[in-house]
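The next block holds one structure in the form of structure tokens; read it before the comments.
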């Protein structure tokens, strides 16, 4: 029996409608899995007083699930001090030898809720990896060392700024630590002065960054996923992907060929908007070079590459990427080269303290003219000078400060031998720290935010 064409058309429309409805209802659960860190920065400075004391923070980078943001950057997070752990006897003794008698308890924070829209969402977390003065360190351009002209440097600067602006728009955040602004010089000077007091309250500084690791899964609704790119599709060459390390890396312990892993923290889309890699896509690679720190302030070096990518429910595929940027404390003085290698640099001012300590020791031990006495006429008794009685008060104060902090300044004025002893201690400590001692290793802890750059496209052959 022949079916009328109008009925065929109606059946086809019904089938298409059913398919569309089936696809539209194929939603995914937006769940932030247990173990995922939420990176937050303290909203204000807190004087540590007791367990249970409340703290407030804000997220410094968005949290994605699959293909969308579920917790925007700048979200307020509420927490409290969960525990105060007394320091070890060794660390306590080292602090006292430096003239610091303040408490140095280990503060354990717990963040317990976040504000999402108008609702307060409960969370269970443990705060890890406290870091001060966090800044995103970006790898230098490959031609930076060869560009010496003023015009060339200006062009490179404009190019870098333009690239940073585009990257900021694509990531929907101008910087991973945009919410955590470093304090000004005056504020840092004030903090430095307070920290040099013999006894000062323990502080959690504003903008100190923590990784609030979820201890239980956090469901945040459902959503319809975006269309998938064809299996095997890859981002454009030289693309920059956001990720976080799963493996802890240390130049003192790592060896060439050691495996490492990371996961994408932001989805990657094709130019037509289809999804290539969702959040949570795994990357694997290996350490290609590692050199531990050595004596005489020779710092450690570390380099690694990612070589494969593993999207969820798909086969792994080759992917060559190197380290492009990393979030680290400015105090680490981390530098990335154009090949993704990481090393630390020595402070340009590291010789100032040993020089001041040596000058203070020499001046405080000086006995004045004639080594403590001015020579008079023959058979006339020598006359004691001011320097011979007490030495140089300013030098003794400086030597006492370098050797034993602010307490040393006062004690050095009371006793000249004690001031000289403090100066000698200051010389030994500062010279060892700045000149003779071991350099600084490169250390990347797990959950450190990174950016990796894919290998550029190969030039066309002749």
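For the peptides 280-291, 217-228, the ranking by packing is 280-291, 217-228, with the highest mean count of neighbouring Cβ atoms within 10 Å listed first.
Semi-axes of the equivalent ellipsoid of region 310-358: what are they in whole Å, largest first, if each equals the square root of 5 times a C-alpha gyration tensor eigenvalue? Write down the numbers at each step before the final one.
Values: eigenvalues 343, 23, 8 Å².
Calculated on Cα positions only, the semi-axes equal 41, 11, 6 Å.
Can you give the FRET efficiency to the nearest 0.05 for residue 121 and residue 28, using r as the Cβ-Cβ distance and R₀ = 22 Å? So the FRET efficiency works out to roughly 0.70.
For region 273-365, just run the numbers: alpha carbon Rg, then divide by 2.2 N^0.38 Å, N being how many residues it has. Walk me through the intermediate numbers first.
Values: Rg = 21.4 Å, N = 93, 2.2 N^0.38 = 12.3 Å.
Compared with the compact-globule rule of thumb, region 273-365 sits at 1.74.
Starting from the eigenvalues of the Cα gyration tensor, five times each then square-rooted, give me the equivalent ellipsoid semi-axes of region 20-129, largest first, whole Å.
Taking √(5λ) for each eigenvalue gives 39, 14, 11 Å, largest first.
Each of residue 69 and residue 48 was given a label point 7 Å from its Cα along the Cα-to-Cβ line. The distance between the two points is 3.3 nm.
Model label sites at residue 101 and residue 88, defined 7 Å from Cα along the beta-carbon direction, differ in position by 2.5 nm. Quotient of the Cα radius of gyration of region 189-285 and 2.2 N^0.38 Å, N being its number of residues: 1.68. Inter-label distance, residue 339 to residue 255: 2.2 nm, where each label sits 7 Å from its Cα along the C-beta direction.
Please state the equivalent ellipsoid semi-axes for region 67-132: what are the square roots of 5 times the Cα gyration tensor eigenvalues, largest first, in whole Å? Before the final figure, lay out the partial values.
Details: eigenvalues 256, 29, 18 Å².
Equivalent ellipsoid semi-axes, largest first: 36, 12, 9 Å.
Just subtract the alpha-carbon distance of residue 294 and residue 223 from 0.36 nm times their residue separation and send over the number in nm, one decimal. Could the numbers behind the result be given before it?
Numbers: separation 71, 0.36 × 71 = 25.56 nm, distance 5.28 nm.
Full extension of this stretch gives 20.3 nm more.
Extension gain, residue 76 to residue 274: 0.36 nm times the residue separation minus the Cα-Cα distance gives 68.1 nm.
Listed highest first by mean packing, meaning other Cβ atoms within 10 Å per residue, what order do 393-400, 208-215 come in?
Numbers: 393-400: 23.8, 208-215: 21.1.
My ranking of the peptides, most packed first, is 393-400, 208-215.
Please report, in cubic angstrom per residue, the volume enclosed by the convex hull of the alpha-carbon atoms of region 237-317. Show your work: numbers first, answer last.
On the way: hull volume 8.7 nm³, N = 81.
Spelled out: Cα convex hull of region 237-317, divided by residues, is 107 Å³.
Based on the mean of other beta carbon atoms within 10 Å per residue, what is the order of 125-138, 345-358, most packed first? Walk me through the numbers before you get to the answer.
On the way: 125-138: 18.6, 345-358: 14.4.
The most tightly packed comes first, giving 125-138, 345-358.
In this calculation the C-beta distance from residue 362 to residue 205 is compared with R0 = 41 Å, giving a FRET efficiency of 0.65. Which parts of region 271-286 would a label at residue 307 reach, counting a residue when its backbone N lies under 19 Å from a point 7 Å out along Cα-to-Cβ? Answer for region 271-286: 282-286. Rg and Dmax of region 411-462, based on Cα coordinates, read 25.5, 82 Å.
Quick note: the coordinates plus some simple rules give every number you see, no bench work behind them. Note that the structure is predicted; figures quoted are calculated from it, not measured. Positions of Cβ are generated from backbone atoms using ideal geometry, with glycine treated the same way; all protein chains shown enter the neighbour counts.
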